[in-house]
Amino acid sequence: MNGFELSERFFRRVGLPAIERGLPRCVRRLAVGVGLGSQAHRNDDEVSRDHGWGPGFTVWLAKDDFDSYGGPLQEILDTLPQEYDGFRWKDDPETTCRVFELGDYTEMIVGFRKPPRSPRDWLRMPESYLFELTPNRLYHDEPGIVSARLKAFSRYPEDVWRQRMAACLSWCWEWGRKHLFRAEARGDHVSGFSYWTRFAEYAMKVGFLMNRRFAPYHKWLWAEFKKLSGPPGEVCAVLREGFERLGDRRELVKRIETIYVDELESLGFSPAAPSANRSTAYPDNRLFRFAREIRSCVVDPEVRNLNLREEIAHPATRSGWMWLR
């Protein structure tokens, strides 16, 4: 039993009948699903059940509906059991089913009630927070308003995508070619492994961007990366080999570079001309040159004024919601 399935069963067999009895006029106004946490993106397992896991669900309402039904609906949900089908909440939270006004919820997560118009504001939202707004965590949404709002947050504007892709490619080059190669050349495999870890993180971020998907935070980065299609699927095996190998990983960096360079070229990009001050010290800097080329395509002046490697521009989000497992 995974948490998503448990949540949906609990809603349809326990929660929905209670709402139909106590507040029937509200039923067709609801969007229901799993809120935050590993069960929302179906990565939970037996380890996840040690806290914050059990039969429950999240309800979202549009502003007018929340004003009309939010309070009475929460009162109904507070009467629901904390045990169902042999599963219960280990830490016995006060509220296992919560009602949110849609705008309040998205503002709590990413700092904005609606997708911002400014590309710079998009860059204020950490990518892992945007990942938490994916609409596929819903299993009931008759009005469709919530699904539409969450979907509107699900894709970067083009200039934002270019800035983040350029930054992540640049960091791949930094930790891979620049630092890992030098450490391995010295026989310093401990430092080389440290650089491999950082390189791998950004290699995965590049894979998410190529799939036009948001990357989660570190705990679920690998689990979600393995689900991606296309070039990231080829990269998975190389990354795994790098974490299992003792010793030199330079050849693995080259293999991942080749996979991603081929994909970048298929997307219509080509590497910028070599930079005079880098070509001598670091001649194999294709990823950095692709980063420069992609960044040169940015149109928005505020984004163009950012540093090439700037992924997030002063996050505007609150921190109180970060209870993810």
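Worth a mention:
- For Phe57, the accessible surface of its heavy atoms amounts to roughly 10 Å² (probe 1.4 Å, protein chains only, rounded to the nearest 10).
- Loop sites in the range 130-198: trypsin sites (Lys or Arg not before Pro), DSSP, at most 11 other Cβ within 10 Å: Arg186
- Accessible surface of the chain [probe 1.4 Å, protein heavy atoms]: carbon and sulfur percent: 48 percent
- With Cα atoms, 0 to 90° folded angle of helix 158-173 axis to the chain main axis: 50 degrees
- FRET efficiency for the Arg240 to Leu308 pair, using the beta carbon distance and R₀ = 35 Å, is estimated at 0.75.
- Net charge of neighbours whose Cβ lies under 11 Å from the Cβ of Leu264, counting Lys and Arg as +1 and Asp and Glu as -1: -3
- Site pair Lys114 and Thr258 shows an inter-label distance of 5.0 nm when each label is modelled 7 Å from Cα along Cα→Cβ.
- At most 14 other Cβ within 10 Å, DSSP loop - GluC sites (Glu not before Pro), the range 3-98: Glu94
- Rounded tilt (10° steps) of 189-210 against the dominant C-alpha axis of the chain: 60 degrees
- When nucleic acids and ligands are ignored and a 1.4 Å probe is applied, Ser229 ends up with an accessible area of around 80 Å².
- Residue order for Arg292, Arg240 - accessible surface, 1.4 angstrom probe, largest first: Arg240, Arg292
- Model label sites at Lys226 and Asp284, defined 7 Å from Cα along the beta-carbon direction, differ in position by 2.9 nm.
- Label-point separation, Arg12 to Arg182 (7 Å along Cα→Cβ), nm: 5.8 nm
- If you take the Cα centroid of the range 203-250 and the Cα centroid of the range 131-155, the two points sit 26 Å apart.
- For the range 109-226, the solvent-accessible area of protein heavy atoms averages 39 Å² per residue (probe radius 1.4 Å; ligands and nucleic acids excluded).
- Dipole in debye (nearest 20) - the range 218-271, about Cα centre, beta carbon charges: Lys, Arg +1; Asp, Glu -1: 280 debye
- Multiplying the residue separation of Glu75 and His189 by 0.36 nm and subtracting their alpha-carbon distance yields 35.2 nm.
- Structure-derived Cα extents along the principal axes in Å - corresponding label in (1) 53, 48, 29; (2) 52, 45, 43; (3) 74, 45, 31: (3)
- Two-site FRET efficiency, Arg88 against Tyr139, from Cβ-Cβ distance with R₀ of 25 Å, rounded to 0.05: 0.75
- Charge context of Ala148, other residues only, Cβ under 12 angstrom, K/R +1, D/E -1: +2
- Accessible surface area normalised per residue over the range 19-69 is 44 Å², counting heavy atoms of protein chains with a 1.4 Å rolling probe.
- Stretching the chain fully between Asn2 and Val27 yields a gain of 6.5 nm (0.36 nm per residue, less the alpha carbon separation).
The values are calculated or read from the model by the stated rules, or taken from the named source; none is laboratory data. Just so it is clear, the structure is predicted and the values come from calculations on it, not from any experiment. Heads up, the Cβs are rebuilt from the backbone with ideal geometry, glycines too, and the neighbour counts pull from every protein chain shown. With ligands, DNA and RNA removed, areas are computed over all heavy atoms of the protein, side chains included. Shrake-Rupley method; radii C 1.70, N 1.55, O 1.52, S 1.80 Å.
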